[in-house]
Amino acid sequence: MSEDTVINIMQMAIKTVILASAPPLLLGLIVGIVVSIIQTITSINEQTLAFIPKILAVFLSLIIFGPFIISVIKELFMALYVDLARFIR
């Protein structure tokens, strides 16, 4: 396997990781910022208060974006499977 092939596989893998993890991470980030703003406005200094809404947001995003995440991962595996014979040589 040449260096170009390895670099191409790594680029595809990194792209897949970014695309698959972006929806839950971004939704968790947005919910965390909103909860932090509400905590600042109401002067509530409880550190653990932000965890439950963030966890719920991440689970909800996994339910909503699950088919998209699965399709992105499936595309990577299908691309690797199709070229498997070329990689073995």
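Each value in this text was obtained by applying a stated rule to the coordinates, not by laboratory testing. What you see is a predicted model, and the numbers here were worked out from it, not measured in a lab. Every residue, glycine among them, receives a Cβ derived from its backbone with ideal geometry; neighbour counts consider all protein chains shown.
Quick notes on this one:
- Helical contribution to [θ] at 222 nm, DSSP H n ≥ 4, -39,500 (n - 2.57), averaged over the chain, rounded to 500: -31000 deg cm²/dmol
- Val6-Phe77 FRET efficiency (beta carbon distance; Förster radius 25 Å; 0.05 resolution): 0.90
- In Å, descending, principal axis extents of the Cα set of the range 30-74: 45, 14, 12
- Modelled label reach - Ile64, point 7 Å along Cα→Cβ, the range 5-45 residues with backbone N closer than 14 Å: 22-32
- Positive dipole terminus of the chain, leading residue within Met78, Leu25, Val35 (C-beta point charges): Met78
- Look at the alpha carbon pairs under 8 Å that are at least 6 residues apart: their mean separation over the length of the chain gives a relative contact order of 45 percent.
- Cα centre as origin, Lys/Arg/Asp/Glu Cβ charges: the chain dipole, Debye: 120 debye
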